[in-house]
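Below is one structure, written out as C-alpha cells; the observations come after it.
Bear in mind these aren't lab numbers, they're just calculated from the coordinates by the rules spelled out. The shown structure was predicted, so the numbers you read here are calculated from the model rather than taken from an experiment. Here the Cβ is made from the backbone with ideal geometry for all residues, glycine too, and neighbour counts use every protein chain on show.
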Amino acid sequence: MVTTYLRRFYTSFATHIIDVPTRLLAFLLSLLLIAVPVAKLPINILLILTIANLMAIFAASWDLLVGRTGQISLGHALFFGIGGYTTALLNVKVGWPVWATISAGVLLAFVAAVGVGYLTLRVKGPYLALVSMALPIILSGIILYFKDVTGGERGIGGLSYLFPQVTYSDKSLAEYYFTLILLLASAIILYKVANSHTGIVLVSILDDEVASKACGINVTNYKVMALAISGIFAGLAGSIFAHILRAISLQMLAVDLSFMAVIMTIFGGLGTIYGGIAGAFIIQLLDKYVLIDVIAVRTEWRLLIYIAIIIILIMKWPRGVARFVTDQINDLSEEREIEERGPHIWKKYKKKKK
Amino acid sequence: MFEEIIILGAFTSGTLALLAIGFSLIYGVAEVVNMAHGALFMLGAYLYFFFTAPPPYPLQLDVIPAIIIAVVVTAIIGAIIYRLTIDPIIEDLVATLVVTVGIAIIIQQLMLIQFSATFRGLPNLVEGNQVILGVTVSNSKILAFASSMLIFACLYAFIAKIKIGTAMRAVAQDREVAMLMGVNCERLCMLTMGISASIAAIAGILITTSTTGIAQPLMWQTPLYMSFAIVILGGLGSIKGSLIGAFIVGYTEIIFKYTVPGGSYLTGIVALAVMTSVLLIRPKGLFGKRVEMED
C-alpha cells in the first residue's frame, strides 16, 4: 500500500520535475535556499535573505499583474505600504496579535486593489503607469498630513516580533524559514495562476482587448481580479516586512520601492513568475552584500554602480536574465521563443527584428 | 487674499508650464516617458551654480554666459542620454521607464558626490520686488514668468513654422510614414531630446532661483511629479494641453496653500490628486493625442 503510493509519488516527481530541466533547476535552487542556514551564516546575511524572500514575493506579484495583463503599474508599493501600515497601526496602537494584524493587512490591501482596479479601468498605457505611480505618493501625503496617528516622517516603531514565543537566538532562523515557505507557496500559486486558464485569458486581454471582449470574456472582472491577486501578495509581503523590521516608515510607500519591483522583474524576465524571484535574489545580494561586504564601496558610489550595472544588464538582455538562462537550457530557437511568449512588449521587439 | 491667489497663481502656473513642455515634447515626438526630466532640471540648476560659484570652484562667470553654457551642456547631455540609453530600447515602455529612472538616480548620485548633500544657494538673477494690484511679487518671479511665456511662444512658432518643427509633427503623427518621407527619425528624436533637456535646464535655473533658491541632490523628484501631473492632465504630447494643465495645477495648489490649514504639506499631493481625478473622467487627459492601439 505504502510502496504503491511512494512509487506513484516518485513517478510523478520524476516525470514532472526531474525530466523537465528548468523545473529541476528551480527545485535544486529551492533546496539550496532551504539548506542555506546550515552553513551558519552571520545574522545579517540571513536577514538579507529573509528580506530577499519578501521582495521576491513582491516582485512576483507585480509580474503576475504586468507580465500577464500588461497593465503597467508603477505604484505597486501602494499595496506593500497599505499592508505594512495597517499591520503597524493595528499592532502598536490597538494591540492586535501578529496573525490578526497580518490578515487585516492582506485584507485591506485586497480591498485597495479592487478599488484601484475599478477606478483605473479606463486608463491605459503610459497614462496608467503614471497614475499608478501617483497613488502611493498621494497616500504618503495623506499619511504626512495626519502625522499624529501615523507618525509622519518618523514612522511607527516597536512592532511585536513575528514569533514572540521563539527564543532570541532562533528568531532570525525562524523568520527565514517562515518567509521561505511563504515564498515557495506564493511562487507556486502565482505560477499556477499565470499558467492556468485564467492566465491565458489574461494574456488574451493583453494581446487584444477588443477581440477578447468579442469572445465573451468579461474583461473588467479579469483585470480587477489580476490586480486583486497581485495586491493580496504584495500586501502579505508588506505586512510581514513590517513585522520583521519591527518598524515602518514612508519608505514603504516610496517610488523607489515600486521601482524595485519593476527593476527586479525586468532584470529577471517579465512575464515569467520565476524571473522576478531570481531578480529579487540577485539584486538584493548585489546591493546589500556584494557591494558592501565583498567589495567595500563608498556609500555614494554604491547606488551609482548598482544602478549602472542594472541599466547595462537590462539593455543587454531586455528579456531578462532568468529567461535567458531557461532559454539556454531549453535550447529554443530565436523565432520560436518569441512566438511562444506573447506579451506585446516583445511583439514590438519582434516587429523590429524582421 | 483673493488678489494674492489670482496674481501668485498666474506666476506659479506660468513657470510650471515651462517645466512641463519639455516632458510633453519628448513624449509627443518620440513617445518616450522621460523620467530623467527632473534630473535634467536639477542638472541645469547645479551647472548654473557650478559656473557662478565663488572660488573653490574654477569659473566665476557672469549670470548670462553661465546660463547659456549650463543650458547648452544640459542639452548635449540629454542628447547623449537619448542616443546611448533610450534609443536602443525605445520600443519597450517599461524598460524605458526603468532606464530613465535609473539615469535620474545616477545623476543624483553624481551630484551628491560632486557637490555633497549640503544645500547650495543659487545667486539671484535679478533683485527687488514689484507691487502688482497690492500684491508684492519678486522680480525674479516676473522674469521667470516672462521668459517662460517667451520660450513657450518660440517653441510654438518653431513647431508650427520651421522645417524641423514640421518634421517633428510628422514623426509625432506617424513614425513609419515620416521615415518613408525621408525624415531621419533617430537624429530628429535626439534633437528633440536636446531641446527638451535645454528647456528643462532653463526651467531648473528660473524656477529654482525664483522660489527656494536652493539646489540639493533630491530636488529632481518634486518637479518630475509636478511635470507629469501637468502633462497627464493636459494630455500627453499636447503642448496646448500642458499650458492649460499648468494653469489648473498652479491655481489649485495656490488655493490649497492659502485656504487649507497645513496645506503646504499637501502641495505636491494636490496636483497628483487633481491629475488622478481628471484621468478617471477623461482617460487620455484633456487634450491627449489618441493612444496608439496595438495593430
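Per-structure values
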| item | result |
| --- | --- |
| Footprinting exposure proxy for B:52, A:87, B:166 (fewest neighbouring C-beta atoms within 10 Å first) | B:166, B:52, A:87 |
| Backbone N within the stretch A:69-85 under 16 Å of label point (7 Å from residue A:119 Cα along the Cβ vector) | A:73-83 |
| Dimensions (Å) - the stretch A:44-255, Cα atoms, principal axes, largest first | 58, 38, 27 |
| Pairwise label distance in nanometres, residue A:195 with residue A:40, each label 7 Å out on the Cα-Cβ vector | 3.9 |
| Using a Förster distance of 22 Å, the FRET efficiency for residue B:131-residue B:61 (Cβ separation, nearest 0.05) | 0.10 |
| In nm, spacing of pseudo-spin labels at residue A:169 and residue A:147 (7 Å Cα→C-beta vector) | 4.3 |
| Centroid-to-centroid separation of the stretch B:189-208 and the stretch A:125-154 [C-alpha atoms, Å] | 28 |
| Packing-based exposure ordering (other Cβ within 10 Å, fewest first) of A:306, A:177, A:5 | A:5, A:177, A:306 |
| Three-way shape label, the stretch B:1-82, alpha-carbon gyration tensor, a/c 1.5 | oblate |
| Sites matching chymotrypsin sites (Phe, Trp or Tyr not before Pro) across the stretch A:98-173 that sit in DSSP coil, with at most 14 neighbouring C-beta atoms within 10 Å | A:146 |
| Neighbour-count order for A:304, A:49, A:28, A:78, fewest beta carbons within 10 angstrom listed first | A:28, A:304, A:49, A:78 |
| Shape call, the stretch B:10-219: gyration tensor on alpha carbons, a/c limit 1.5 | oblate |
| Backbone HN-Hα couplings from phi across the stretch B:269-284 [Karplus 6.51/-1.76/1.60, Hz, Gly and Pro as x] | 5, 4, 4, 5, 5, 4, 4, 4, 5, 5, 5, 5, 8, 10, x, 10 |
| Estimated inter-spin distance, residue B:177 and residue A:1, nm [label 7 Å along Cα→Cβ] | 7.7 |
| Charge dipole (debye, nearest 20) of chain A; +1 at Cβ of Lys and Arg, -1 at Cβ of Asp and Glu | 440 |
| Three-way shape label, chain A, alpha-carbon gyration tensor, a/c 1.5 | rounded |
